[in-house]
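Chemist: Sharing a structure with you now.
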Amino acid sequence: MSGRSNSWVRSAVLGGGTIASLLVVGATLLAVTGGPVMDRRVSLLCINLLVVLGLQTFTGNSGIVSFGHVAFMAIGAYASALLTIAPSIKMAALPDLPTLVAQSQLGFVVAMVIAIALVALIALAVGTPLVRLSGSAGAIATFALLVIVNVVLSGWTGVTGGRRALYGMPGHASTTWAIVFAAVAVLGVRVFRDSPLGLQLRASQDDEVAAEAMGVAVRRGRLIAWVLSAVLAGLAGVLFAHFVAAFSPQQFFLAETITTLAMLIVGGMRTVSGAVLGAVVLYIASEVLRGVESATAGVAGLPGLFGLAQIVIALVLLLVLYLRPQGLWGRWEINESAQRALRRRSTNSLRTVRPSHLD
Amino acid sequence: MKYYAQQVVNALSLGGLYALLALGLGIVFNILGLINFAYGELVAIGGYVLFVLLGAGVPLAVALPACVLVALLAGLLMERVAFRPVRGASGVTLLLTSFAVSSILQNSFLIAVSPRAQGVPTPDWASGVVQIAGIGVPVVRLVTMVVTVGCLLGLLVFLRGSDIGIAMRAAAEDFTAVRLMGIKANRVVAWAFAISGTLAGIISVLVVAQTGVVYPTMGVPLLFKAFIAAVMGGLGSLAGAVAGGFLLAFIEVGLQATLPEGALAFRDAFVFAVVVLVLLVKPEGLLAGKREQA
């Protein structure tokens, strides 16, 4: 039994590293060979993937579905944007910004660090009461968070520009940043999932009372997962802010929430492999459908079928909820499935009689 | 004095609307444990039906019942197609399902009609003002209050007097026992959604009469109100839903009148924060009266 204490690290690094490598290779190939459009798509995929990974960290391990992570994406985006936009724009468009912020213009990396620190602080403050709620109550509280952040960002016109688009962010977030962050996140989230803390959280998902009876500090574990997941979502927001020319609060509301939740659940919320699969599959589907949406514009005098992508994503989510709630990927991570298959094959070939429950 | 009386009238009429909204949401939650996030879209369906019918010149006397009927049928259809496959699943699966349905419907309005708000022709008398005891009461608000009272009374009579109404109240406490008594689960659930849809239809008439427009996401703010009112009043109690509706209206009108100009935009954020507080202090408030699911 001596290998148990660090075999989880090996397993996690193996599994996470496999997916991360696949991601880096695939994404880089596409971005380099596909031209600027594909390059952009790869970036957006990685940004969405970061949010989905954040969701997997919290929802996948604790079992509490979070409708609120896009709120952290918004906070990260606005914080980083407000720190990096040129003072001339800020003074003109955002009169209520504190003078220190309005007159300064920070570099991308510094702004990113500050924005993420802010996200972490807010997540800690909000999460401390929130992790006391389980199941539906917790999900609803996260939904309230989403709405509150949206209302505040939309209403605080003097600081955030309100519902108007915020523009002027220097475009620093290259595709490389996005791919690297996504890959590192894949590895990190997988390590967290397999760590003793992740394991304890997943136990609490199956039976909270039993887990607590075994000594699991459920609330503390949830809070740690919550803050980590918020940081990932905030990071996605920062990258997003510097990737687009302009954004407004509505981009961080219901549509993005449903899209990222669907990606997680369709892929399979219990595993990192599932999260990545769901993100990739649904992103490809939505891009194809967006093509259809634009292609139908002007056909027979009709405006384009805008909204089709969202409908299909929601339909796919429904189908998965009805027919395969554990998601497309299922229970076992990519390297765990491989190990189980190998073990089964080796035992079969030895033709020993083993009690089936040991497999 | 007159100003306050005016505000009270506003709050009462708004409260009636919110009470109906909360009831429509609560009646389904009571029995199924499902918070139907697509409930706002049922109201939107009613609104769009009005838009189509009134725009085509159909007389009001036909368009109004038609709108309510379509909303009722939409509610039944929603249950049959979208929610029956996941009946008995965990609360969160139900939430996600209703979220997805909501998204599908909103985007369908976008595609089928237009992303832009569409004006609905309202009759002239609907924009009039009636003088009662020296206070100018807009006709629409008066009608809202009357309709609300009528609906509440009707619902009360139905739930107390009719067999299926009693079955529904029993199902809210113990669905299994109701089925053991020989009452089909599907029937009870269908009636709940039918009532929910009917209320949505009535609400859509009142809302369109007040605002005069329909747009794809018109159901979203209405759902928020319904949800907040229901949680504040205690999900699981229909009387609580009504009380929550009036409470929310008075809070909103009160905040509107007293908050400084700059803070008004955050009014909704405050209210949602109150919801979270309620959840934290009394999470069983969500489950009070909801003891067993189908």
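Chemist: Taking the range B:142-236 on its own, what percent of its Cα-Cα pair distances exceed 15 Å?
Modeler: 70 percent
Chemist: Tilt of helix A:334-350 relative to the longest C-alpha principal axis of chain A, in degrees (0 to 90, nearest 10)?
Modeler: 10 degrees
Chemist: Kirkwood Rh over Cα pairs of the range B:1-144 into Stokes-Einstein at 25 °C, 0.890 mPa s: D in µm²/s?
Modeler: Result for D is 140 µm²/s.
Chemist: Enter the mean number of other protein chain beta carbons within 10 Å of the beta carbon of each residue in A:61-69, as an integer.
Modeler: 2
Chemist: Within chain B, which whole H helices from DSSP have a Cα span along their axis of at least 18 Å and a mean Kyte-Doolittle hydropathy of -1.0 or more, if any?
Modeler: Within chain B the helices that satisfy the rule are B:2-32, B:39-55, B:60-77, B:91-112, B:139-161, B:185-211, B:219-233, B:238-258, B:267-281.
Chemist: Moving on. Quick one: what are the phi-derived ³J(HN,Hα) couplings along the range A:114-127, Karplus 6.51/-1.76/1.60 with θ = phi - 60°, whole Hz, x for glycine and proline?
Modeler: Karplus-based 3J(HN,Hα) across the range A:114-127 equals 5, 4, 5, 4, 4, 4, 4, 4, 4, 4, 5, 5, 6, x Hz.
Chemist: Using Cα atoms only, what is the angle between the long axis of helix A:196-206 and the major principal axis of chain A, expressed in degrees (0 to 90) to the nearest 10?
Modeler: That helix lies at roughly 90 degrees to the long axis.
Chemist: For A:Arg10, A:Arg164, B:Arg87, write out the residues from largest to smallest accessible area, computed with a 1.4 angstrom probe and no ligands counted.
Modeler: A:Arg10, A:Arg164, B:Arg87
Chemist: Next up: Please give the Cα centre distance for the range A:207-230 versus the range B:1-36, rounded to the nearest Å.
Modeler: Rounded to whole Å, the Cα centres lie 38 Å apart.
Chemist: Can you compute 3J(HN,Hα) from phi for each residue in the range A:41-51, using the Karplus curve 6.51 cos²θ - 1.76 cosθ + 1.60 with θ = phi - 60°, rounded to whole Hz and x for Gly and Pro?
Modeler: The phi angles translate into 4, 4, 4, 5, 4, 5, 5, 4, 4, 4, 5 Hz.
Chemist: Could you report the range B:10-96's accessible area per residue, 1.4 Å probe, as an integer in Å²?
Modeler: Ligands and nucleic acids excluded, the figure is 29 Å² per residue.
Chemist: Per 5 Å bin from zero, what fraction in whole % of the C-alpha pairs of chain B is there, up to the bin with the longest pair?
Modeler: 1, 6, 11, 16, 18, 17, 14, 9, 5, 2, 1, 0
Chemist: On a C-alpha basis, how far is the centre of the range A:260-301 from the centre of the range B:206-275 in Å? Whole number, if you could?
Modeler: Comparing the Cα centres of the range A:260-301 and the range B:206-275, I get a distance of 34 Å.
Chemist: Against the globular-protein guess of 2.2 N^0.38 Å, express the Cα radius of gyration of the range A:170-277 as a ratio, rounded to two decimals.
Modeler: Output field value: 1.25.
Chemist: Taking square-rooted eigenvalues a ≥ b ≥ c of the alpha carbon gyration tensor, is the range A:214-317 rounded, prolate or oblate, where a/c under 1.5 means rounded and, failing that, a/b exceeding b/c means prolate?
Modeler: prolate
Chemist: Could I have the simple spin-label model distance between A:Phe306 and B:Val130, label points 7 Å from Cα toward Cβ, reported in nm to one decimal?
Modeler: Distance between the two pseudo-spin positions: 4.2 nm.
Chemist: Over the range B:21-75, what portion of Cα pair distances is larger than 19 Å, expressed as a whole percent?
Modeler: Value for the range B:21-75 (Cα pairs over 19 Å): 34 percent.
Chemist: If you don't mind, there's one more thing I want to ask. Simple spin-label model, 7 Å along Cα-to-Cβ: B:Leu60 to A:Ser195 in nm?
Modeler: Going by the 7 Å Cα→Cβ label model, 6.6 nm.
Chemist: How many Cβ atoms of partner chains, on average, are near each residue of A:316-329 if near means within 10 Å of its Cβ?
Modeler: Going residue by residue through A:316-329 and averaging, the value is 3.
Chemist: Students often check this: by mean Cβ neighbours within 10 Å, which of B:42-50, B:237-245, A:117-125 ranks highest, and how do the rest follow?
Modeler: Listed from highest to lowest mean packing, they are B:42-50, B:237-245, A:117-125.
Chemist: Quick check: net charge around B:Ala190, other residues with Cβ under 11 Å of its Cβ, Lys/Arg +1 and Asp/Glu -1?
Modeler: The answer is +3.
Chemist: Also, quick follow-up: Based on the alpha carbon coordinates of the protein assembly as shown, what radius of gyration and maximum Cα-Cα distance (Dmax) apply, in Å?
Modeler: My reading of the Cα-based Rg and Dmax gives 26.1, 96 Å.
Chemist: May I ask you to find the residues of the range A:138-153 that are shielded by at least 30 Å² of accessible area once the whole protein assembly is considered instead of their isolated chain (probe 1.4 Å)?
Modeler: A:Ile140, A:Phe143, A:Ala144, A:Val147, A:Ile148, A:Val151
Chemist: Along the three principal axes, how long is the range A:125-189 when you take its alpha carbons, biggest first, rounded to the nearest angstrom?
Modeler: Between the extreme Cα coordinates on each principal axis of the range A:125-189 lie 40, 39, 18 Å.
Chemist: Give the distance, in whole Å, between the Cα centre of the range A:186-204 and the Cα centre of the range B:95-135.
Modeler: Comparing the Cα centres of the range A:186-204 and the range B:95-135, I get a distance of 46 Å.
Chemist: List the residues, sorted by chain then number, that are 5 or more residues from A:Leu166 or on another chain and whose placed amide H is less than 5 Å from its amide H.
Modeler: Those qualifying (amide H under 5 Å, at least 5 residues apart or on another chain) are A:Phe247, A:Ser248.
Chemist: Taking each pair of distinct Cα atoms in chain A once, what is the resulting Kirkwood hydrodynamic radius in Å?
Modeler: One decimal place: 21.5 Å for the Kirkwood radius.
Chemist: Taking amide H positions as placed in the peptide plane 1.01 Å from N, state which residues far from B:Val213 in sequence (5 or more) or on other chains have amide H under 5 Å from it.
Modeler: The answer is B:Val120.
Chemist: Oh, and also: Across the range B:175-183, in residue order, what do the Karplus-derived ³J(HN,Hα) couplings come to in whole Hz, using 6.51 cos²θ - 1.76 cosθ + 1.60 with θ = phi - 60° and x for Gly and Pro?
Modeler: Working through the residues one at a time gives 5, 4, 4, 4, 5, 5, 7, x, 9 Hz.
Chemist: Okay, next question. In nm, to one decimal, how far is the A:Leu124 label point from the B:Ala117 one, both placed 7 Å along Cα→Cβ?
Modeler: Calculated label separation equals 4.3 nm.
Chemist: Round to the nearest 10 and give me the degree value, 0 to 90, for the angle of helix A:175-194's Cα axis relative to the longest principal axis of chain A.
Modeler: 40 degrees
The values are calculated or read from the model by the stated rules, or taken from the named source; none is laboratory data. The model shown is predicted, which means the values in this text are computed figures rather than measured ones. Ideal geometry is used to build each Cβ from the backbone, glycine not excepted, and the neighbour counts take in all protein chains shown. Keep in mind that these areas ignore ligands, DNA and RNA; they rest on the heavy atoms of the full protein, side chains included. Shrake-Rupley method; radii C 1.70, N 1.55, O 1.52, S 1.80 Å.
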